[in-house]
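Derivation of every value follows stated rules applied to the coordinates shown; laboratory data play no part. Quantities reported herein were computed from a predicted structural model and do not represent experimental measurements. Cβ sites come from the backbone with ideal geometry, for glycine too, and all protein chains shown count toward neighbours.
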Amino acid sequence: MTLAPETPSPAPAGPPTYSLRGLWGRLKGHILHPELSPEQVAWSFALGFSIAWNPLLGLHSAMVFLFCVIFRRLHRPLMIMAMLVNNPWTVVPMATLSTWLGNLLRGRTGGANLIRVEWHQIGWRSFLTWDGFDAMTTMLRPVLKSYLLGGTLLTLLALPVGYFFMLWLAQRLRRIHWPHLHHPAHAHPDIPPGA
């Protein structure tokens, strides 16, 4: 009697694979982090997105570091990516929106605006030398209150907007890429539901 060669049993299905190519693929990999819940991913993004709108420029990285130390179960790379919404290419439009909103709240629709701000004069010397800092604050004084008020309001608004957007996206991506997590009966057809 001859024995047939033993066929290997199929490997247990692990987390599904998905392409990590390109920026969207890498971002998707962070959103689909297997050790974090969609809520933790959403909080990570929301905190970083809120920090991006914070009017206290120059302190964003320190704020992210502080949140990472305080809250251990946050996805740090996702929080940093969300904070980098505020970057050298977006800082002027974000500051303009903050100032416009602050002016609107203060009833200054025709008042101070950012047209008089000479952005090219603000550089590293504006933050590292007293003369540069004094010149910058003198130039920004007419818009500073509006900027701080609008930026603070946008920081507060960015938290729930970022949270609910990322929660929706994380849950949607998990339904698409991990359908067996949401339909255990399909993942194990021989096990009746509720067993």
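A viscosity of 1.306 mPa s and a temperature of 10 °C, combined with the Kirkwood radius over Cα pairs in Stokes-Einstein, give a translational diffusion coefficient for the stretch 43-183 of 95 µm²/s. Summing Lys, Arg as +1 and Asp, Glu as -1, what charge do residues with Cβ under 14 Å from the Cβ of Pro38 carry, Pro38 excluded? Overall, the nearby charge balance is +3. Taking other Cβ atoms within 10 Å as a rough exposure proxy, His177, His30 sort from fewest to most as His177, His30. Thr152 sits among other residues whose Cβ lies under 14 Å from its own Cβ, and their net charge, with Lys and Arg +1 and Asp and Glu -1, is +2.
Applying the criteria of a DSSP loop state and at most 15 other Cβ atoms within 10 Å to the chymotrypsin sites (Phe, Trp or Tyr not before Pro) of the stretch 40-110 yields Phe71, Trp89.
Distance from the alpha carbon centroid of the stretch 37-84 to that of the stretch 138-178 works out to 11 angstrom. Comparing Leu149, Thr138, His177 along the charge dipole axis of the stretch 36-182, the residue lying farthest to the positive side is His177, per the Cβ-charge model.
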